[in-house]
Amino acid sequence: MLQKASEEHAVNIHAFCLMSNHIHLVMEPTTIALSSMVHAFAGRYARYYNRRHQLRGHLFQDRFRSILVQDSSYLVRLVRYIHLNPVRAHMVVDPLHYLWSSFGNYLGLRATTWLTSDRVLANFGTSNKSARQSLIEYTARKCDAEFDTSLVQKAMQLGAFGTEEFVDEVMDAPSQRTVQPTIELSLLMDVACKKYNFSYLELASSSRKKDLVDARAVLALAVRQNPHLSLRELANKMERNHSSVSRLAQRAQESRVLSEQADLLLVSTSDEIQIP
């Protein structure tokens, strides 16, 4: 899922670590807002997880938090921090023993063609062998790693990891931060109408045409997946009761095609918003 999302949205993934209740990703967007990739990935993963465990509703409690990294010297420290997450949580003694992070990929023990490791390894040596050995030694520096833990956690609150000057610059320029804009229901419905070539009246009609029902279902699921939107408000807009709109959302949730369309609808709507 990470590979598909990164390729679709032109995002380089430098490191990852999936924990029991959260995931850390070190990513570098190249052409579009990072929020588009994160939303597409998180939506797919949530549907997969819910289907597998027979659950419903939101999987992630809040929207993602992102921080900006100043340069490669801070990048390697951040990568070490997330690779050591399972060690700090007492899940493993050695980060290499944890299967759900990119540490093994960096050491050449697991193949992941879509992981961009060159930028980090370039800081440790000119050959893969020497760089990997240096990376192992660097990751094992307990005192340095513990010192960085508090710095990274502070950076998560401030939104930037770097020198004081860099952090101040980022704090003073919020428009440069990667944020996920708040979507208004009216805009989401406008985008849905354009995408499916239906009018507001047709969406609110009693017609049972398959294309129209699918469009309503996609719209309902998109609303349910966004924490700022309400199915009850959508029901009022479409002149339906809440339970019928909820069933539409569930119909889309159970269809891989429709659920992916709901993701794309939210991404398209986010792209319509101009962040001040």
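The values are calculated or read from the model by the stated rules, or taken from the named source; none is laboratory data. Remember, predicted model here, so these are calculated numbers, not experimental data. Every residue, glycine as well, gets a Cβ built from its backbone with ideal geometry; the counts of neighbours run over all protein chains shown.
Tell me, yes or no, whether region 187-198 has at least one residue that is touching a Ser or Thr at 6+ places or on another chain (Cβ under 8 Å), outside any helix (DSSP H, G or I) and either closer than 27 Å to Ser35 by Cβ or in the same structural domain as Gln54 (by TED's automatic domain parsing) (or both).
Looking through region 187-198, none of the residues is touching a Ser or Thr at 6+ places or on another chain (Cβ under 8 Å), outside any helix (DSSP H, G or I) and either closer than 27 Å to Ser35 by Cβ or in the same structural domain as Gln54 (by TED's automatic domain parsing) (or both).
Filter region 28-80 down to residues that are assigned to a helix (DSSP H, G or I) and not polar (S, T, N, Q), then give me how many there are. Lay out the reasoning, then the answer.
Restricting attention to region 28-80, the residues satisfying the condition of being assigned to a helix (DSSP H, G or I) are 34-53, 72-80.
Adding the requirement that they be not polar (S, T, N, Q) leaves 34, 37-49, 51-53, 74-80.
Number of matching residues: 24.
Take region 1-27 and flag every residue that is farther than 17 Å from Tyr81 by Cβ and either assigned to a strand (DSSP E or B) or in contact with a Ser or Thr (Cβ under 6 Å, 6 or more places away or on another chain) (or both).
Hits for region 1-27 are His9, Ala10, Val11, Asn12.
Specify which of the listed residues (Glu260, Glu202) is acidic (Asp, Glu), surrounded by fewer than 18 Cβ atoms within 10 Å (Cβ to Cβ) and under 19 Å from the mean Cα position of the chain (by Cα).
Working: Glu202 fails: under 19 Å from the mean Cα position of the chain (by Cα).
After ruling out the rest, the residue left standing is Glu260.
Is it the case that Gln3 is surrounded by fewer than 20 Cβ atoms within 10 Å (Cβ to Cβ), out of contact with any Lys or Arg (no Cβ under 7 Å at 6 or more places or on another chain) and without any contact (Cβ under 8 Å) to a residue 12 or more places away in the chain? Steps first, please.
Details: surrounded by fewer than 20 Cβ atoms within 10 Å (Cβ to Cβ): yes; out of contact with any Lys or Arg (no Cβ under 7 Å at 6 or more places or on another chain): yes; without any contact (Cβ under 8 Å) to a residue 12 or more places away in the chain: no.
For Gln3, the condition - surrounded by fewer than 20 Cβ atoms within 10 Å (Cβ to Cβ), out of contact with any Lys or Arg (no Cβ under 7 Å at 6 or more places or on another chain) and without any contact (Cβ under 8 Å) to a residue 12 or more places away in the chain - is not met.
So which residues in region 106-153 are out of contact with any Ser or Thr (no Cβ under 7 Å at 6 or more places or on another chain), more than 29 Å from Met1 (Cα to Cα), surrounded by 12 or more Cβ atoms within 10 Å (Cβ to Cβ) and not hydrophobic (A, V, I, L, M, F, W, C)?
Answer for region 106-153, where residues must be out of contact with any Ser or Thr (no Cβ under 7 Å at 6 or more places or on another chain), more than 29 Å from Met1 (Cα to Cα), surrounded by 12 or more Cβ atoms within 10 Å (Cβ to Cβ) and not hydrophobic (A, V, I, L, M, F, W, C): Ser130, Gln133, Ser134, Tyr138, Arg141, Asp144, Asp148.
Could you tell me which of the residues Ser243, Ser206 is more than 30 Å from Tyr74 (Cβ to Cβ), among the small types (Gly, Ala, Ser), modelled with pLDDT of 85 or more and part of a loop (DSSP other than H, G, I, E, B)?
On the way: Ser243 fails: part of a loop (DSSP other than H, G, I, E, B).
Step by step, each of Ser243, Ser206 is checked, and only Ser206 is more than 30 Å from Tyr74 (Cβ to Cβ), among the small types (Gly, Ala, Ser), modelled with pLDDT of 85 or more and part of a loop (DSSP other than H, G, I, E, B).
May I ask you to list the residues in region 184-209 that are touching a Leu at 6+ places or on another chain (Cβ under 9 Å) and touching a residue at least 12 places away in the same chain (Cβ under 8 Å)?
Just the residues of region 184-209 that are touching a Leu at 6+ places or on another chain (Cβ under 9 Å), to begin with: 184-185, 188-189, 191-193, 195-196, 198, 202-203, 205.
Correct list: Leu185, Leu188, Met189, Val191, Ala192, Lys195, Tyr196, Phe198, Leu203.
Restricting region 125-179 to residues that are under 15 Å from Leu84 (Cβ atoms) and assigned to a loop (DSSP other than H, G, I, E, B), which is modelled with the lowest pLDDT?
Step by step, filter region 125-179, then rank; the result is Arg141.
Restricted to region 212-236, and to residues that are assigned to a helix (DSSP H, G or I) and out of contact with any helix residue (DSSP H, G or I) (no Cβ under 7 Å at 6 or more places or on another chain), which residue is modelled with the lowest pLDDT? Write out each step before concluding.
Within region 212-236, the first condition is being assigned to a helix (DSSP H, G or I), and the residues that meet it are 212-225, 231-236.
After this cut, where a residue has to be out of contact with any helix residue (DSSP H, G or I) (no Cβ under 7 Å at 6 or more places or on another chain) as well, the list is 213, 236.
On the way: Val213: 92, Asn236: 89.
Out of the qualifying residues, it is Asn236.
Just to be sure, is Ile136 of a type in the set (A, V, I, L, M, F, W, C), in contact with a Cys (Cβ under 6 Å, 6 or more places away or on another chain) and touching a residue at least 24 places away in the same chain (Cβ under 8 Å)? Quick ask: steps written out before the conclusion?
Working: of a type in the set (A, V, I, L, M, F, W, C): yes; in contact with a Cys (Cβ under 6 Å, 6 or more places away or on another chain): no; touching a residue at least 24 places away in the same chain (Cβ under 8 Å): yes.
Against the criterion (of a type in the set (A, V, I, L, M, F, W, C), in contact with a Cys (Cβ under 6 Å, 6 or more places away or on another chain) and touching a residue at least 24 places away in the same chain (Cβ under 8 Å)), Ile136 does not qualify.
With Arg63, Arg77, Arg44 as the choices, which residue is touching a residue at least 40 places away in the same chain (Cβ under 8 Å), under 27 Å from Gln157 (Cβ atoms), under 20 Å from the mean Cα position of the chain (by Cα) and surrounded by 16 or more Cβ atoms within 10 Å (Cβ to Cβ)? Explain how you work it out, then say what you get.
Working: Arg77 fails: under 20 Å from the mean Cα position of the chain (by Cα); Arg44 fails: under 27 Å from Gln157 (Cβ atoms).
One residue alone meets the criteria, Arg63.
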